[in-house]
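The block underneath contains the structure these notes are about, expressed in structure tokens.
Please treat every number below as a calculation from the coordinates, not as lab data. All of these numbers come straight from a predicted model, not from anything done at the bench.
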Amino acid sequence: MSHTVHGAKGLHKQAAIDHKAVAHQQQRHEHIAVTAYFHAEHRGFTGDDQLADWLVAEAEIDAALDQDKDPSIV
């Protein structure tokens, strides 16, 4: 949900929220990349399964992040 905020304080607060979301996405991406690497390492880096490694890692990281969410926050 997007809110229109008027005034300098409101804009600063909105920017901080956006920065936090970007940082979260960057951290998520890094976790997926590391997990995908470990999947490739586990199979001995054989074959051309980088996409499959990424998709499995993405599902694992997203499932872990979903478990960490507070259900009272919607």
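Below is a table of values for the structure above.
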read-out	value
Length-normalised contact order of segment 26-73 in % [C-alpha pairs under 8 Å, at least 6 apart]	40 percent
Alpha-carbon spread of segment 24-67, three principal axes, descending order, Å	31, 18, 14
For segment 57-62, Karplus couplings with θ = phi - 60° (6.51, -1.76, 1.60), whole Hz, Gly/Pro x	4, 4, 5, 5, 5, 5
Added length on full extension, which subtracts the Cα-Cα distance from 0.36 nm per residue, Phe45 to Arg28	3.8 nm
